[in-house]
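Where a number appears in this text, it was derived from the coordinates with a stated rule and is not lab data. These numbers come from a predicted model, not from an experiment. Cβ: placed from backbone, ideal geometry, glycine included. Neighbour counts: every protein chain shown.
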Amino acid sequence: MSLSELTKPWEAMSYGFLDASAKRELRRKMIKAVAVPGCQMPYASREVPMARGWGTGGLQVSLTLVNPETTVKVIDQGADDSVNAASIRRFIARVAGAPVTMDTLQADLIQSRHRIPEEILSEDQILVLQVPNPEPLRPVQPNMSIARQMHADADYGRMWLQLYEQIVRSGRVMQGASYPSLVHGRHIMTPSPIPRWDVPKLHMAKHLTILSAGREKRIYAVPPYTRVEPLVFSDVPYRVEDHGGLTCHRSGTKGFFMNEIPQDGGTSTYEVSDSEWGVKAIRQRDGEGVIKGETWYKNGEMAQ
Amino acid sequence: MTLALEAPRFVKTLPLLRVDHVSKTYGDVQALRDVSAYAYPGEVLGIVGESGSGKSTLLRMMNLEETPDQGSYSLNLPETEGNLFDLDRFARRMLCATKIGIVYQNPHLGLLMKHSSSGNVAERLLVAGERSFATLRAKATTALEASEFPLERLDAPPIELSGGMQQRVQLAKAIALEPALLLLDEPTTGLDVSVQALVLDTLKRLQQDRQITMVIVSHDLGVIRTLADRVMVMRRGQVVETGLADQIFQDPQHAYTQQLVHAKL
């Protein structure tokens, strides 16, 4: 028996870039995170060939979950074709040999930066969100030790103070993205900086959402069919962005979350933020046969 | 010689607050040595003493911020039983938020300086579970009004306010939930004399209107004389003399109290 028989042949890197121990760490912490919805689990965040703050947390989760049969979709602020999304998608495909797609319906694993696709995700899809600041209590409690104690005690009164201040100062809740939400009636999480528009999509969703912050080394999850309730006062209802009446100037779709594009004259036009949804609409207009999924919002209203 | 003053026979009610045989050491320093205190409902207990006499430590214990080495503490209120030092963190916080109000000497300890004044008061209500914006706003306004805070500055952050105004915000926060017990830790120290008089006026009016039990800690005999019904003199972690306010000021028995009263005059 020689040494070469006992060892594996040399490879440039492990499958899916991360080594086995890193994947095991991620898997264990993901299971913990799913077991306690919304609770932040610390994990040993590894180095990936990308700068911290560019989605390393999400990438580690994706690399752990991916296999050669997983179809991967990567979104950056709704767009599949931005540099960041394209690089991450290409990287995952290269190290894992996984097929890639831009179509939400065909994807098994969706890594996203700050948006949830407009088409409803199904039970067998996993959404991975990149999170820059996982701690919802940071604006009201700078001391992280005390913040953890507050989470343990469900001492969340001060989160409403933040909303109170915004209403007093501006007449309405100004919190645009990462709107604090109560998960499963127990933990408050910051749903990564997704717009208010996207938060109701997480409520009782069919898919699993994993939120991972690589720099802050925290992972948390919203399992399928879990309550996600944005914090509100009993007499001030939750309001999403007023995008229901806007029309995309390229695809002509209406009633979805839009990106504002300022024009020379001081006006602005709008473009649907979920780029693939816009592409589908244009293809359909041009007579191509495309399959459009059910959407969460219909005519600018969240379907209940 | 027993120093604790026995309750007069005609007093039928039990003391609202009872601290029994409390001792506390910080390293080599004995901050409190077998201190007992009580206060009847609606009564104002004044605690005087020099710096380092343990009076603030005692007050912090009454607010359940600190646990003594020995001793017990009870409040005679519905739903609060037994030694309060045995409560867990969660029960302590709930009790402090709903039953006890505190005003610190340093407003930075009691207030969120960059949030609005009304928000500071609203925080108390939020901790207690109020979730209606209109109610929060109304109750915060009422509490600030009761502590004679100018309502046109309702939403100014405390950092922009004067010292006297900051103390009023603290007071409003303390009384927002109509606590049974109000603790005042040197509430007027650091304010100039005229502002001090105004704050004392407010406190006195509140006491008369609401019959709150108060414990006021001060090294300023004038403040104690204005407010307190009964006085406890502390020195080096021990109670050296207790008695009715007039008694203590007119006829001090202990050498240290005599010194203190004379120093004032």
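In square nanometres and to one decimal, what's the mean projected area of the convex hull around the Cα atoms of region A:96-188?
On the way: hull surface 34.8 nm².
Mean projected area for region A:96-188: 8.7 nm², to one decimal.
Distance from the Cα centre of region A:6-30 to that of region A:173-211, in angstrom? Here the two parts' Cα centres lie 32 Å apart.
Projected onto the charge dipole of the protein assembly as shown (+1 at Lys/Arg Cβ, -1 at Asp/Glu Cβ, origin at the Cα centre), which of B:Thr135, A:Gly55, A:Pro191 gives the Cα projection farthest towards the positive end? Highest projection toward the positive end goes to A:Gly55.
Look at A:Thr226, A:Thr104 and count the other Cβ atoms within 10 Å of each Cβ; fewest to most, that gives A:Thr226, A:Thr104.
How big is the Rg/Rh ratio for the protein assembly as shown, C-alpha atoms only, Rh by Kirkwood, two decimals?
1.12
Split chain A at each of the GluC sites (Glu not before Pro) in a DSSP loop with at most 15 other beta carbon atoms within 10 Å, and the longest piece is A:124-240. With the simple spin-label model, which puts each label point 7 Å out from Cα in the Cβ direction, the B:Asp69 to B:Ala134 separation comes to 5.6 nm. Under 8 Å for C-alpha pairs, at least 6 residues apart: give me the relative contact order for chain A, rounded to a whole percent. Reported as a whole number, the value is 19 percent.
The residue among B:Gly27, B:Gln105, A:Leu208 whose Cα reaches farthest toward the positive pole of the charge dipole of the protein assembly as shown, with charges on the beta-carbon of Lys, Arg, Asp and Glu, is A:Leu208.
As a length-normalised measure over Cα pairs under 8 Å and 6 or more apart, the relative contact order of chain B settles at 26 percent. Percentage of Cα-Cα pair distances in region B:101-159 greater than 15 Å, rounded to whole percent? That fraction is 48 percent. Along chain A, the longest continuous region that contains none of the trypsin sites (Lys or Arg not before Pro) in a DSSP loop with at most 12 other C-beta atoms within 10 Å is A:1-171.
Using Cβ point charges alone (K and R +1, D and E -1), the dipole size of the protein assembly as shown about the Cα centre works out to roughly 620 debye.
For region A:89-96, the Karplus equation 6.51 cos²θ - 1.76 cosθ + 1.60, evaluated at θ = phi - 60°, returns couplings of 4, 5, 5, 4, 4, 6, 7, 10 Hz by residue, with Gly and Pro reported as x.
Please state the charge dipole magnitude for region A:216-304, taken about the Cα centre, from unit charges on C-beta atoms (+1 on K and R, -1 on D and E), reported in debye and rounded to the nearest 20.
Charge dipole, region A:216-304, about its Cα centre: 300 debye, nearest 20.
With an 8 Å cut-off on Cα pairs and a minimum separation of 6 or more residues, tell me the relative contact order of region A:258-302 in percent. About 21 percent, as a whole number. Here region A:1-150 is treated as a Stokes sphere of Kirkwood radius computed over C-alpha pairs; at 4 °C and 1.567 mPa s its diffusion coefficient rounds to 76 µm²/s. By the rule of a C-alpha distance below 22 Å, with chain neighbours fewer than 8 residues away ignored, the lysines paired with A:Lys32 are A:Lys23, A:Lys206, A:Lys217. The residues A:Met174, B:Met232, when put in order of fewest to most other Cβ atoms within 10 Å, stand as A:Met174, B:Met232.
Look at the dipole of chain A built from charges on Cβ: of A:Asn84, A:Tyr15, A:Ala107, the Cα furthest out on the positive end belongs to A:Tyr15. Scaled against the 2.2 N^0.38 Å expected of a compact globular protein of N residues, the Cα radius of gyration of region A:258-302 reads 1.42. Distance between the 7 Å Cα→Cβ label points at B:Leu244 and A:Arg27: 8.0 nm.
Run through all the Cα pairs of region B:114-265 and give the fraction in each 10 Å bin from 0, expressed as whole percent. Percent of Cα pairs in each bin: 10, 36, 30, 16, 7, 1. What value does chain B have for Rg/Rh, both radii from Cα atoms and Rh as Kirkwood defines it? That ratio is 0.96, to two decimals. Bridges between two residues of the protein assembly as shown, per DSSP, are antiparallel at a rate of about 60%.
Here is how the number arises for chain B: DSSP H runs of 4 or more residues each give -39500 (n - 2.57), the sum is divided by the residue count, and the result at 222 nm is -11500 deg cm²/dmol. Each stretch of four or more DSSP H residues adds -39500 (n - 2.57); spread over every residue of chain A, this sum gives -8000 deg cm²/dmol at 222 nm.
For region A:285-292, backbone phi angles converted through the Karplus equation (6.51, -1.76, 1.60; θ = phi - 60°) give residue-by-residue couplings of 5, 7, x, 7, x, 10, 9, 9 Hz, Gly and Pro being listed as x.
Quick one: what does P(r) look like for region A:192-268 with 10 Å bins over all Cα pairs, in whole %? Values per bin, smallest distances first: 15, 33, 32, 19, 3. What does the C-alpha gyration tensor say about the overall shape of chain A? Classify as rounded when a/c is under 1.5, otherwise prolate if a/b is larger than b/c, or oblate. Oblate shape, in that a/c is at least 1.5 and b/c is the bigger or equal ratio.
Note that region A:196-201 has calculated 3J(HN,Hα) couplings of 4, 3, 8, 4, x, 5 Hz, one per residue in order, obtained from phi through the Karplus relation 6.51 cos²θ - 1.76 cosθ + 1.60 (θ = phi - 60°); glycine and proline are x. Note on chain B: lysine pairs with Cα distance below 28 Å, sequence gap of 8 or more or different chains, count 18. Over all projection directions, the Cα-based convex hull of region A:34-121 averages an area of 6.3 nm². For region B:78-160, which trypsin sites (Lys or Arg not before Pro) are in a loop by DSSP, counting at most 15 other Cβ atoms within 10 Å? Answer in residue order: B:Lys114. Between amide H atoms placed 1.01 Å from N, distances below 5 Å from B:Gln105 occur with B:Asp185, all of them 5 or more places distant or on a separate chain.
Normalising the Debye intensity of region A:126-250 to I(0), with uniform scatterers on Cα atoms only, and taking log10 at q = 0.17, 0.19 Å⁻¹ returns -0.93, -1.15.
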